[in-house]
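Trainee: Here it is: the structure, laid out below.
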Amino acid sequence: MRFSKILLLSFVMLSLVSPISIAGGFTDSQKSEMEDMFKDYIMNNPKVIVDSLNKFQIDQRVEAQKAAKDALEQEYDNIVNNEDHAVVGNPKGDITVVEFFDYNCGYCKKAFPEIQQLINDDKEVRVIFIDFPVLGPSSMDFAKYSVAANMQGKYFEFHSALMNHKGQKTKEIVLELAKEVGLDVEKLKKDAESEKVAEILKNNREIAGKLSIRGTPGFIVEKEIIGGYIPLDDMKQLISDERAKKAK
């Protein structure tokens, strides 16, 4: 019995669904023949595999984006109206920008002066910073201090000092910066190790995971999730687009 290419491909597709039951319907000789034909077909038509993998990756990406968008709908209030998250700019602004960041992230440092510029240029923007330490133990240490600084009402002062610091950051340097911006350093160190701070950072990680934000920076502009660094002009355009949507 000889197999046509159509039958061969049909067998391959069906076997992906139920390999045991399908394979059980053929003799060893038929299975060997199909295997040889399949290898021959793939060798002569490699683009079929490439196209299939590309489509699979696209489908996976689309599914992940949809899942993240659905998760954002569910988590939106937990993100933008959470008292544990630091808010800068206009607290009642018409557009909310959220940044997930890490103090050891080069692109986060690059984005910081542009975020400052955005806040200065647009008095109707509300910016929320979410500590998302993903780049090692020191990132976690800095994030703990950052969240603890928010408990003293000096989040942005401390955040700015860390982001603007040039060179290596150590615990000693970070605590010195905390002192310079007027923080109670002893309270800061105590709060940093508290269950409250651990809970906040755990919540941040869980939110990021649901939104498929794996690295930093990660942004949310209203209900749009954008992974990676965004130049200032592009950020302003995104904000303009969101305002236009609201105006309709």
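The values are calculated or read from the model by the stated rules, or taken from the named source; none is laboratory data. None of the values given here were measured: they were computed from a predicted structure. Cβ placement follows ideal geometry from the backbone for every residue including glycine, while neighbour counts extend to all protein chains displayed.
Trainee: In the set Ile119, Ile115, which member is of a type in the set (A, V, I, L, M), assigned by TED's automatic domain parsing to the domain that holds Gly93 and out of contact with any Leu (no Cβ under 9 Å at 6 or more places or on another chain)?
Mentor: None of the other options fit; the residue is Ile119.
Trainee: Give me the residue from the stretch 111-129 that is among the β-branched types (Val, Ile, Thr) and part of a helix (DSSP H, G or I) and, out of that set, nearest to the chain's Cα centre (by Cα).
Mentor: Filtering first and then ranking leaves Ile115.
Trainee: Hey, another quick one. Got a sec? Which of Leu162, Leu201 is under 23 Å from Ile115 (Cα atoms), assigned to a helix (DSSP H, G or I), free of Cβ contacts under 8 Å to residues at least 60 places away in the same chain and within 25 Å of the chain's Cα centre (by Cα)?
Mentor: Only one candidate passes the filter, namely Leu162.
Trainee: Which number in (1) touching a Ser or Thr at 6+ places or on another chain (Cβ under 9 Å); (2) loosely packed, with under 12 Cβ neighbours inside 10 Å marks the one condition that Ile220 misses?
Mentor: (2)
Trainee: Additional query: Looking at this structure, is Leu188 of a type in the set (A, V, I, L, M, F, W, C), in a helix (DSSP H, G or I) and within 23 Å of Glu157 (Cα to Cα)?
Mentor: Answer is yes for this residue.
Trainee: From Lys246, Lys236, which residue is surrounded by fewer than 19 Cβ atoms within 10 Å (Cβ to Cβ) and modelled with pLDDT under 90?
Mentor: Lys246
Trainee: Can you confirm whether the stretch 129-141 contains a residue that is more than 22 Å from Glu176 (Cβ to Cβ), in contact (Cβ under 8 Å) with a residue 24 or more places away in the chain and touching a helix residue (DSSP H, G or I) at 6+ places or on another chain (Cβ under 8 Å)?
Mentor: yes
Trainee: Still on this model: Quick check on the stretch 68-113: of everything there that is of a type in the set (S, T, N, Q) and closer than 28 Å to Asp141 by Cα, which residue is modelled with the lowest pLDDT?
Mentor: Per the criteria, the residue is Asn78.
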